[in-house]
2 protein chains.
Amino acid sequence: MKKTDDFQNLINQKIGELNFDKSPRELYDPMKYALTMGGKRIRPLFTLLACDMFGKDIQKAIPAALAVEVFHNFTLIHDDIMDVAPLRRGKETVYKKWNPNIGILSGDAMLAKAFEILVDSDAAQLKPLVHLLSKVAIEVCEGQQLDMNYEHSELVTIPEYLEMIRLKTAVLAGSALLAGAIVADASAADQHEIYKFGEDLGIAFQLKDDILDVFGDESKFGKKKGGDIVAKKKTYLYLKAHELAEGKILNTLTYYFVNSTFDDEAKINEVSAIYKQLHVKEVAEEQMVFYYQRALAHLANIHLPETNKAALLEVAESLMSREF
Amino acid sequence: MKKTDDFQNLINQKIGELNFDKSPRELYDPMKYALTMGGKRIRPLFTLLACDMFGKDIQKAIPAALAVEVFHNFTLIHDDIMDVAPLRRGKETVYKKWNPNIGILSGDAMLAKAFEILVDSDAAQLKPLVHLLSKVAIEVCEGQQLDMNYEHSELVTIPEYLEMIRLKTAVLAGSALLAGAIVADASAADQHEIYKFGEDLGIAFQLKDDILDVFGDESKFGKKKGGDIVAKKKTYLYLKAHELAEGKILNTLTYYFVNSTFDDEAKINEVSAIYKQLHVKEVAEEQMVFYYQRALAHLANIHLPETNKAALLEVAESLMSREF
């Protein structure tokens, strides 16, 4: 994946060139920390790959790519405050390393920074790009709000869950790709298809995440499996199990997602056993494959030679075949 | 002030037309609440007055004016969380009425919404307008961070304080006016002057606020005087008093701004007495007049007939002559 590696290196180089050595340090240090604590740069990579696929010089897409990545990191800072998450990518989260107020404010500044970076795009594409970033920002907020609502709601349906992950995760993947297509002046039809490709891929990706959290290869995973179970997250696996379970099994499942227990290990083991018994992994995989296939169909609809699509397809495949 | 009233009515009408009747309600209700809980709409009024002053149809400036007001209300929602302020304009603040997470998220969505609204501006002015809004958003964050830093810092100098209020308050006044001038295609020189007019006016306005908090007409003020003293806010009055005080007076002043006391009334009385004894009100008024005069000089530099400037000047005068 030479091209992908080159693009990712370019993104990291450009992020490194953003100037956060400013005053007040309490505002800029967290921004720099959040942006350089790792991350696979998938979203800005999507922007560059889409731009390249449609035959435009990727230099033109760099402001949009950086804006997407800065925006994404803003959402992580604020989500970690709301979710009271002490760690991200194995490191202390911003609000934990500093404090919640600094998390709020440096996140705000990063959201504004994303728009400031985006302004360096060519004037001809600025209107659709700013519209896209503001629209997706609002949708991601809607998704996060639904996620918080569902934490406290007893009954969440699978369609509601899928809509939540669409807003919280998938629209940003679609928008990252669409931004690249806008920069490249792709046709309206192709812009639609690349957006839907990203959206469906994003949903498939999140379902994969849900599955891997319980059934991933722990030795490669880097963290303990079952984090979602411990956190009582209502993932696709849980919701499907809740739908299929009856009698004693339903009681056990509900017990673990209502009450708190001090024995995480036992909880993970028992809930995983229920998931296995009800074959929810297989149902989730079916659902995931459905979205992935639909994503591929959208990619196929794009009016370009297959060779143009190869790099993006390869990245999509690697995302869907990861084992941890 | 017929024109000003008309413009303010138009702003309120347009804000009323923004659609917040959307799902999830937990995200949109707070946005609507924050935007309709009152407020004088000074900043969007500035945008329309500047546009009108430079001879352009104010309809062209409505997206920028609304964006400024929506942005301003975003800052209030987040500031109230950070400042743990239960009340604003006599009503419960968003985070208090709902919860801090909803405050964070609805604020985020409002910041994004400001940019979404701004996109309706004419394409020709979009680049400078988006650049302006993102730049001022970052500056306001810098100002809020400095404000938080100064809360815990023992020694804040008066130049540091003035720089903090410039960033936290004044740059938005300048930017609101500049946005109107950009829409009206004013010359670069005139754009500079109107921005500096707003910036200096904003600093003068905040100094007036500091003075009125202690020396305002309580019967007209609507709230108890001395709120800044109770909150141990390091206002201009406090910093100047701290600079001038010696011996026992300095000890008393420092005591009240370091320790907590349960007798707010006594604290307000004692600190006010010190302020009077040291004549810091007069010093603050001098400083305020200095900035206001400098603002007027910038307005005078604008290449327009005096009649064009009359409405804006009248608003500035009314802001500076308020007694509560």
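The values are calculated or read from the model by the stated rules, or taken from the named source; none is laboratory data. In this text the structure is predicted, and so the values were computed from the model without any measurement. Every residue, glycine as well, gets a Cβ built from its backbone with ideal geometry; the counts of neighbours run over all protein chains shown. SASA here: full protein model, heavy atoms, side chains in, ligands and nucleic acids out. Shrake-Rupley method; radii C 1.70, N 1.55, O 1.52, S 1.80 Å.
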Do we have A:LYS56 as of a type in the set (Lys, Arg) and crowded, with 24+ Cβ neighbours inside 10 Å here? no
Being not in a helix (DSSP H, G or I) and not charged (D, E, K, R) is the filter; apply it to segment B:111-148 and report the residue that is nearest to the other protein chains (Cβ to nearest Cβ). B:VAL119
Note on B:LYS96: of the conditions (1) at the interface with chain A (Cβ under 9 Å from one of its Cβ atoms); (2) open to solvent by 10 Å² or more (accessible area, probe 1.4 Å), unmet is (1)
Scope segment A:131-182; condition touching a helix residue (DSSP H, G or I) at 6+ places or on another chain (Cβ under 9 Å) and of a type in the set (Asp, Glu); matching residues: A:GLU139, A:GLU142, A:ASP147, A:GLU154, A:GLU160, A:GLU163
Determine whether segment A:174-189 contains at least one residue that is open to solvent by less than 20 Å² (accessible area, probe 1.4 Å) and farther than 30 Å from A:ILE58 by Cα. no
(1) at pLDDT 95 or above; (2) within 20 Å of the chain's Cα centre (by Cα); (3) open to solvent by less than 60 Å² (accessible area, probe 1.4 Å) all hold for B:GLY38 apart from (1)
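Every residue, every condition in (1) assigned to a helix (DSSP H, G or I); (2) free of Cβ contacts under 8 Å to residues at least 12 places away in the same chain, yes or no:
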| position | (1), (2) |
| --- | --- |
| B:ASP190 | yes, no |
| B:ILE203 | yes, no |
| B:GLN206 | yes, no |
| B:ASP209 | yes, yes |
| B:HIS242 | yes, no |
| B:THR261 | no, yes |
| B:ALA273 | yes, yes |
| B:GLN287 | yes, no |
| B:TYR292 | yes, no |
Return a yes/no flag: does segment B:240-249 have any residue that is surrounded by 14 or more Cβ atoms within 10 Å (Cβ to Cβ) and under 30 Å from B:ILE42 (Cβ atoms). yes
Residue under question is A:ASP120, and the condition is that it be at pLDDT 95 or above and more than 17 Å from A:ALA176 (Cα to Cα); does it hold? no
Name the single residue, out of those in segment B:76-131 being of a type in the set (S, T, N, Q) and in contact (Cβ under 8 Å) with a residue 12 or more places away in the chain, that is farthest from B:LEU35 (Cα to Cα). B:GLN125
Segment B:285-324, subset within 14 Å of B:GLY198 (Cα to Cα) and loosely packed, with under 14 Cβ neighbours inside 10 Å, residue farthest from the chain's Cα centre (by Cα): B:ALA300
Condition first: under 13 Å from the mean Cα position of the chain (by Cα) and open to solvent by less than 30 Å² (accessible area, probe 1.4 Å). Now tell me which residues in segment A:142-168 satisfy that. A:GLY143, A:GLN144, A:MET164, A:ILE165, A:LEU167
Report whether or not B:LYS234 is at pLDDT below 95 and under 19 Å from B:LEU146 (Cα atoms). yes
The residue from B:LEU105, B:LEU66 that alone is of a type outside the set (Phe, Trp, Tyr), surrounded by 23 or more Cβ atoms within 10 Å (Cβ to Cβ) and facing chain A (nearest Cβ under 10 Å) is B:LEU105
